[in-house]
Amino acid sequence: MKHARNAAPGIIGVAQNVFASLGPTGKAIAAGVVLVVGASPFGAWNAVADDAIPLTAGQVVEAGPYEVAVEKVVAARTLGDVTALDEKNKLLIVVVEVKNVSDTPGIPATLGDVVPAPAGAGIVDVDGRPVPDDVPPGERPTPRIFNIDDSASIDVINPDLSYRLALVWDRTGAGDPAEADVRLAGLTWIEEGFSGLMSQYWLATDEVTHSGSFAVEPPKEPGA
Amino acid sequence: MRRVPRWLKAILVLAGLSAGTWLVTVVPQIAFVEDSFEVEGAVGETVDVEYAEVTVTGVRLAEALYATSGAVAGGVFVVVDAEWHARDGHLAIGGAELVDAQDRSHQATSRGGCPIGAGADPAFPMRVTYCFDVSQDLLDDGLVLRLGRGGDGEEGSYQRRDAVAVVDLGPLGEAPVEGTAEKPMTIRLPGPADPAATQEGTA
């Protein structure tokens with residue numbers, strides 16, 4: 001005599017039973033659906049990125065809500081009162097002109113997603129550990145951002161406004177780089193988040209769209 | 001009667017779900033359930049927003065300002081002086097935005113130490129100065145100020161189904177620019193609107 005199982009079969013058990021009950025055509029379709037759904041979170045539908053477009057000084061690039069133009073890259077020990085978190089390290093500064101060309105106020109922090117820490121310049125993270133050049137954009141240290149006109153941080157970029165900003169990273173204190181590879185990454189607009197808890201924001205794609213080698217201006221202050 | 005295959009049933013279920021999702025996206029949603037209750041007013045006029053009375057006492061322009069540090073505008077600072085008098089209890093008053101002629105929102109800034117929010121109590125009216133860095137090109141077409149309790153979330157998310165004071169500041173293109181890089185405008189931090197109404201403590 002067969003005994004009924006007391007425990008519920010669970011969602012996996014139900015799925016197994018449903019799958020077993022399908023005919024060959026149904027199984028093929030179900031397998032296809034599982035493959036498609038399973039692959040989606042891993043970027044199965046993302047467009048295949050072409051090689052990054054060459055980036056030069058002053059070139060205006062639209063990224064998310066901003067038009068960004070990289071002006072120059074500077075090596076320094078200090079920027080006004082700003083120093084590296086570890087005194088034995090120095091700073092790498094990327095000067096950018098940024099304009100909000102969208103219809104909504106922009107958060108400067110998203111610039112850190114658009115301009116990842118340059119490669120080949122000895123960038124270190126907040127703990128002072130070197131960041132390898134092959135670390136992807138989304139995992140590179142975020143910059144401290146200052147408005148050059150008043151040397152202060154900036155909290156919002158309203159529509160139509162432009163600022164000349166300094167994006168500042170810590171770099172190793174051993175020597176000064178001659179060149180730095182500046183990359184720009186894209187943002188994508190999320191009208192409504194997957195969970196519905198967040199909506200209308202720019203999400204980093206972490207996909208490098210532009211890349212260029214910039215000569216690094218050497219430190220001006222003595223002993224830097 | 002011919003039996004419908006299970007795989008076809010599964011496809012029909014998926015098609016039904018897809019059709020439902022599509023309908024939700026194309027049928028207009030009832031947006032007004034999230035709208036704020038707007039109470040219109042003018043500069044110098046007290047606006048009653050149920051939980052408080054709020055008055056815009058002045059609007060000024062500055063290229064540079066100073067509250068606790070210096071700040072230089074990317075465009076021009078629109079500096080709005082307001083007085084809040086809470087009605088029933090303590091209020092967090094951070095819901096400030098400017099809306100331009102194209103219906104775009106512009107957030108207040110904390111640069112230079114400008115307050116982007118403050119507290120207000122029933123005991124006495126509170127003076128708060130808001131600073132907005134906006135493009136000079138927007139001044140001629142006029143700006144509208146929206147003030148409410150709560151924070152400054154995206155598209156007034158903190159003011160949904162709540163009263164908001166809406167004050168038309170009008171065209172500001174001809175207004176004089178008072179604060180300059182050489183002589184920045186001083187921004188006072190939030191405090192009692194009438195300092196005489198409070199008493200300084202003694203040690």
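Among B:R2, B:R161, B:R149, a tally of other beta-carbon atoms within 10 Å of each Cβ gives an order, fewest to most, of B:R2, B:R161, B:R149.
Cβ-Cβ distance of A:A109 and B:R3, R₀ of 60 Å, FRET efficiency by 1/(1 + (r/R0)^6): the value works out to about 0.55.
When A:I154, B:I116, A:I12, B:I11 are arranged by Cβ crowding within 10 Å, least crowded first, meaning fewest neighbours, the order is A:I12, B:I11, B:I116, A:I154.
Helix B:6-26 axis versus longest C-alpha principal axis of chain B: approximately 30°, rounded to the nearest ten. Rounded to the nearest 500, the 222 nm mean residue ellipticity of chain B from helices alone is -3500 deg cm²/dmol, with -39,500 (n - 2.57) taken per DSSP H run of at least 4 residues.
Among residues other than A:D113 with Cβ under 12 Å from its Cβ, the summed charge is -1 (Lys and Arg +1, Asp and Glu -1). Residues whose amide H lies under 5 Å from that of A:A152, counting only those 5 or more places away or on a different chain, are A:N147; hydrogens are built 1.01 Å from N in the peptide plane. Note on chain B: Cα-Cα pairs beyond 30 Å make up 34% of the total pair count. Note that segment A:123-211 shows a convex hull volume over its alpha carbon atoms of 165 Å³ per residue.
Length, then width, then depth: along the principal axes, the Cα atoms of segment A:51-119 run 41, 29, 19 Å. Stokes-Einstein diffusion for segment B:56-124, with the hydrodynamic radius set to the Kirkwood value over Cα pairs and evaluated at 37 °C in a medium of 0.692 mPa s, equals 242 µm²/s. Site pair A:T78 and A:T25 shows an inter-label distance of 7.8 nm when each label is modelled 7 Å from Cα along Cα→Cβ.
Helices in chain A, meaning DSSP H runs of at least 4 residues, each add -39500 (n - 2.57). Divided by all residues, the mean residue ellipticity at 222 nm is -4500 deg cm²/dmol.
Taking amide H atoms as placed 1.01 Å from N in the peptide plane, the amide H of A:G173 lies under 5 Å from those of A:K90, each 5 or more residues away in sequence or on another chain.
With unit charges on the beta carbon (Lys/Arg positive, Asp/Glu negative), name the residue among A:A180, A:V114, A:V18 whose Cα is farthest towards the positive pole of the charge dipole of chain A. Among A:A180, A:V114, A:V18, the one farthest towards the positive end of the dipole of chain A is A:V18.
Near B:T46: Cβ cut-off under 9 Å, other residues only, Lys/Arg at +1 and Asp/Glu at -1. The net charge is -4. Amide H to amide H distances under 5 Å link A:S211 with A:I53, A:L55, A:L184, where only residues 5 or more positions off or on other chains count and H is placed in the peptide plane. Over every Cα atom in the protein assembly as shown, the radius of gyration and the widest Cα-Cα span, Dmax, amount to 27.9, 96 Å. A simple count of charges around A:G128, restricted to other residues whose Cβ falls under 9 Å of its Cβ and scoring Lys, Arg +1 and Asp, Glu -1, yields -2. In terms of surrounding Cβ atoms within a 10 Å radius of their Cβ, B:W7, A:W189, B:W84 rank from fewest to most as A:W189, B:W7, B:W84. Divide the volume of the convex hull around the Cα atoms of segment A:11-217 by the residue count and you get 162 Å³ per residue.
All of the numbers you see were taken from the coordinates with simple rules; none came from a lab. Everything numeric here is computed off the predicted structure, so don't read it as measured data. Cβ coordinates were reconstructed from backbone atoms using ideal geometry, including for glycine residues, and neighbour counts include every protein chain displayed.
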